[in-house]
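Peer 1: A single structure is presented below for examination.
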2 protein chains.
Amino acid sequence: MTTLSPYDSMSPVTQAAYRAKGAAADLAPLPRAEKDDALLAIADALEVRTSDVVEANAKDIERARAAGTSETVIDRLTLTPERIRAIASDVRDVVALPDPVGEVVRGSTLPNGIDLRQVRVPLGVVGIIYEARPNVTVDAAALCLKSGNAVLLRGSSSAYESNSALVRVLRDAVGGSGLPADAVQLVPGDNRESVRELMRARGLVDVLIPRGGASLIRTVVQESTVPVIETGTGNCHVYVDAHADLDMAIDILINSKAQRPSVCNAAETLLVHQDIAPRFLPLALDALAEAGVTVHGDERVLAYGKDSKATVVEATTEDWETEYLSYDIAAAVVDSLERAVDHIRLWTSGHTEAIVTTSQQAARRFTQLVDSTTVAVNASTRFTDGGQFGFGAEIGISTQKLHARGPMGLPELTSTKYIVTGDGHIRR
Amino acid sequence: MTTLSPYDSMSPVTQAAYRAKGAAADLAPLPRAEKDDALLAIADALEVRTSDVVEANAKDIERARAAGTSETVIDRLTLTPERIRAIASDVRDVVALPDPVGEVVRGSTLPNGIDLRQVRVPLGVVGIIYEARPNVTVDAAALCLKSGNAVLLRGSSSAYESNSALVRVLRDAVGGSGLPADAVQLVPGDNRESVRELMRARGLVDVLIPRGGASLIRTVVQESTVPVIETGTGNCHVYVDAHADLDMAIDILINSKAQRPSVCNAAETLLVHQDIAPRFLPLALDALAEAGVTVHGDERVLAYGKDSKATVVEATTEDWETEYLSYDIAAAVVDSLERAVDHIRLWTSGHTEAIVTTSQQAARRFTQLVDSTTVAVNASTRFTDGGQFGFGAEIGISTQKLHARGPMGLPELTSTKYIVTGDGHIRR
């Protein structure tokens, strides 16, 4: 009665997507215990087969060195036995997290007696497109498996050997636990065309999550017909209000900018209310200088810079929109909280903005007017993180408004369905 | 310090989107009372200015008649004083609904003492692309306004005069209430290019909701870089299990198919377990015949058809995927519940599937295995509806898994943001 689609004539990517869809259907009704067993098997297998993975990783590193890749990127690419142990430990942490699938989100008995329940279900097939961090291969697979989703992994070509070795380990462990091995697949083909096919596999792939730099994310957003969750670009702001504790403001500024400048929740722009600027900026510029931060200032900041140890260069328009990810910060003096909000609205990537203030009204107004995934009051921008928020794990930080916003944990990897139960109810 | 984008050189659609974005920023922090006042002003103005709207509508109707448009479509296009009163009354119903904005979705105090709250906020700018139903203009604007969103309306060219007149009334009422009139805008330009621009306005428009036929929705999904919520295609199934109350099964089948065949939650395919087919199908075919329904049956259904009053024609592969929206139904006999599920998975649009059964195990298994927005047990498919579900209003029925699934009420027109409050907390 039903005929399957002409499977054999499909491209390898489409075939993989079909297999993923089949695996997802099998995973969806599984109880937590079976998924947890598979995750524990993955953690064990990673430790047992560490040398296979390290060997494969060595080939990627050799190739990267020959291509003149920077040591920073090679460091990200490198898997040591210690790092693999840490990855396995992260998988065990996922085992400890509650299973979001089956949670009743909303439920009621309708006036006609029908029972209505809205229940969390897996998304289905999740595609992850990412750069040269092979740890993402395992992290993403573990989170998808726990939430009942099949995953299609498309890592960077430069990590192809490492990812292939990791996925072999993952598939063997998943299959050995009695779950479908096709729940975890590396997208076949090590070329641009395979990414393109993945992005056009609407109907087979339920969501794509690009993890990486701004240009990767832009490409996926522009070319994908599969729904995309944008992640990770963070042009975060720290605004120091007219009334603020100066020490607190310095602490939050330096922590937000310099505790770990390479991550998306690091601050990239400082905005200072003009009333506090004469007292705050001299201290702030010295503290930034001490932390090794170059300041890209507007005219008023430049004026304060003359009497400080800080390196202050003139800001161009580009500085307001730059995610430096380095020991640089843009800085401007603003006439009011409202002007700070205007500046943020115009230039932010919508990730995280912080206000430092002693004024309850200012805190309330700033949190109302600023529309980013996270608004921090008297706290560092660095707290926007699934681990810090207590989600236990994070598949990324969504900077879009649809489906998920901010740090995404396991519930963000689910959808819902309604279950309507009657006794022969018909509509009048 | 901050320079605005070169506004004057923008296309009219982009300008409208920028104005919408500005209006959305103003709407977001408004309390419920101010939005409700504007909605009441809209309802009053629609009644006061009914004749303006009817006059404009007459021009559209005249044009449609001259173009040989079918009477069904002309009926949908037509606005009478009575229909406008009903539309105004719907707006008043929206006033009575709770405001989703500001709802705390999740909140906790983190181990370090930071207070974390996840709060509902408007999506921002919502684009609606729809066909010749001018009532959607007002419905959509009212729901968007209530949820703090600005709306960009792009109706069918054939309703351009009606929509223009309605939007004039809406904008005057909104502006007169002290809210930004640009919260409600008709997308300028009555051509394909303006739709295209709307679909590419990523960063200005937060979500597009196409409402209409399958081809409209397909176009928007394929061409849009703005995130899209797919709505409305319903290839719904009724499965009659091996053990089922025959009368209940007949009632649910006929209600699902024939109570209102033109809507997305009407049934399009009947699947019957082989064990009950000899008793159920003769009754079902007679009942369908009585309701004026033509049956497109597989071989086994055709065999039963010979002894019935029903019109039974041979089903082709196409029938399994067709959303008839008419007095037609596809029908097949299946060997088991699992084969019914396989059939549904292969052909469904993922809207609503119903099972009729007396078996608790069968009900449980069907609801677990079927992955559609709504799974009905012993109830008509026709209940999948925002009004029936008690949401009070509905902007559409999402058939996708991301963001919203099933009937979308006011909460589905919101996103969330996190508010992190500390006392100078920094990350160690």
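Computed from the coordinates by the stated procedures, all read-outs in this text should not be read as laboratory data. Values in this document were obtained by computation on a predicted structure and should not be read as measured data. Every residue, glycine as well, gets a Cβ built from its backbone with ideal geometry; the counts of neighbours run over all protein chains shown.
Peer 1: Looking at region B:84-100, can you tell me whether even one residue there is within 30 Å of A:Ile344 (Cα to Cα), within 14 Å of chain A (Cβ to nearest Cβ) and either touching a His at 6+ places or on another chain (Cβ under 7 Å) or not β-branched (Val, Ile, Thr) (or both)? Reasoning before the result, please.
Peer 2: Of the residues in region B:84-100, the ones within 30 Å of A:Ile344 (Cα to Cα) are B:99-100.
With within 14 Å of chain A (Cβ to nearest Cβ) added as a condition, the list becomes B:100.
Filter once more, keeping what is either touching a His at 6+ places or on another chain (Cβ under 7 Å) or not β-branched (Val, Ile, Thr) (or both): B:100.
Yes; the residues of region B:84-100 include at least one that is within 30 Å of A:Ile344 (Cα to Cα), within 14 Å of chain A (Cβ to nearest Cβ) and either touching a His at 6+ places or on another chain (Cβ under 7 Å) or not β-branched (Val, Ile, Thr) (or both).
Peer 1: A:Val375 versus (1) aliphatic (A, V, I, L, M); (2) closer than 30 Å to A:Gly124 by Cα; (3) at the interface with chain B (Cβ under 7 Å from one of its Cβ atoms): which is the lone unmet condition?
Peer 2: Every listed condition holds for A:Val375 apart from (2).
Peer 1: A further question follows. Within region B:405-428, can you find the residues that are more than 8 Å from every other protein chain (Cβ to nearest Cβ), over 30 Å from A:Val263 (Cα atoms) and assigned to a loop (DSSP other than H, G, I, E, B)?
Peer 2: The answer is B:Gly409, B:Leu410.
Peer 1: Next question, about the same structure. Restricting attention to region B:329-346, which residues are farther than 21 Å from A:Ala23 by Cα and within 10 Å of chain A (Cβ to nearest Cβ)?
Peer 2: Listed by number, the residues that qualify are B:Ala332, B:Val333, B:Val334, B:Asp335.
Peer 1: Now a separate question. State whether one or more residues within region B:245-267 are within 10 Å of another protein chain (Cβ to nearest Cβ), under 28 Å from the mean Cα position of the chain (by Cα) and of a type in the set (Gly, Ala, Ser).
Peer 2: Among the residues of region B:245-267, at least one is within 10 Å of another protein chain (Cβ to nearest Cβ), under 28 Å from the mean Cα position of the chain (by Cα) and of a type in the set (Gly, Ala, Ser), which makes the answer yes.
Peer 1: Inspect region A:212-222 for any residue being surrounded by fewer than 17 Cβ atoms within 10 Å (Cβ to Cβ), of a type in the set (Lys, Arg) and without any contact (Cβ under 8 Å) to a residue 12 or more places away in the chain and give the result as yes or no.
Peer 2: Yes: one or more hits.
Peer 1: Do we find that B:Ser349 is of a type in the set (Ser, Thr, Tyr), within 11 Å of chain A (Cβ to nearest Cβ), under 27 Å from the mean Cα position of the chain (by Cα) and not in a strand (DSSP E or B) in this structure? Steps first, please.
Peer 2: Working: of a type in the set (Ser, Thr, Tyr): yes; within 11 Å of chain A (Cβ to nearest Cβ): yes; under 27 Å from the mean Cα position of the chain (by Cα): yes; not in a strand (DSSP E or B): yes.
Criteria met by B:Ser349.
Peer 1: A further question follows. Which residue pairs have Cβ atoms under 8 Å apart, sit 6 or more places apart or on different chains, and have a first residue in region A:110-131 that is free of Cβ contacts under 8 Å to residues at least 60 places away in the same chain and facing chain B (nearest Cβ under 8 Å) and a second that is part of a loop (DSSP other than H, G, I, E, B) and crowded, with 20+ Cβ neighbours inside 10 Å?
Peer 2: Short answer, once both residue conditions are applied: A:Leu110/B:Gln388; A:Leu110/B:Phe389.
Peer 1: Oh, and also: For A:Gln400, which of the numbered conditions (1) more than 8 Å from chain B (Cβ to nearest Cβ); (2) in a loop (DSSP other than H, G, I, E, B) fails to hold?
Peer 2: (1)
Peer 1: A further question follows. Is there a residue in region A:292-313 that is of a type in the set (Ser, Thr, Tyr) and either facing another protein chain (nearest Cβ under 10 Å) or within 17 Å of the chain's Cα centre (by Cα) (or both)?
Peer 2: no
Peer 1: Just one of B:Leu143, B:Leu77, B:Leu123, B:Leu97 is surrounded by 15 or more Cβ atoms within 10 Å (Cβ to Cβ), aliphatic (A, V, I, L, M) and within 30 Å of A:Phe391 (Cα to Cα); which is it?
Peer 2: Result of the check over B:Leu143, B:Leu77, B:Leu123, B:Leu97: B:Leu123.
Peer 1: State whether one or more residues within region B:162-181 are of a type in the set (D, E, K, R), under 21 Å from the mean Cα position of the chain (by Cα), more than 14 Å from chain A (Cβ to nearest Cβ) and surrounded by fewer than 24 Cβ atoms within 10 Å (Cβ to Cβ).
Peer 2: Applying the first criterion (of a type in the set (D, E, K, R)) to region B:162-181 yields B:168, B:171-172.
From the residues that got through so far, the ones that are under 21 Å from the mean Cα position of the chain (by Cα) too are none.
No.
Peer 1: Please specify each residue of region B:378-397 satisfying the condition of being surrounded by 22 or more Cβ atoms within 10 Å (Cβ to Cβ), at the interface with chain A (Cβ under 10 Å from one of its Cβ atoms) and of a type in the set (Gly, Ala, Ser).
Peer 2: Within region B:378-397, B:Ala379, B:Ser380 qualify.
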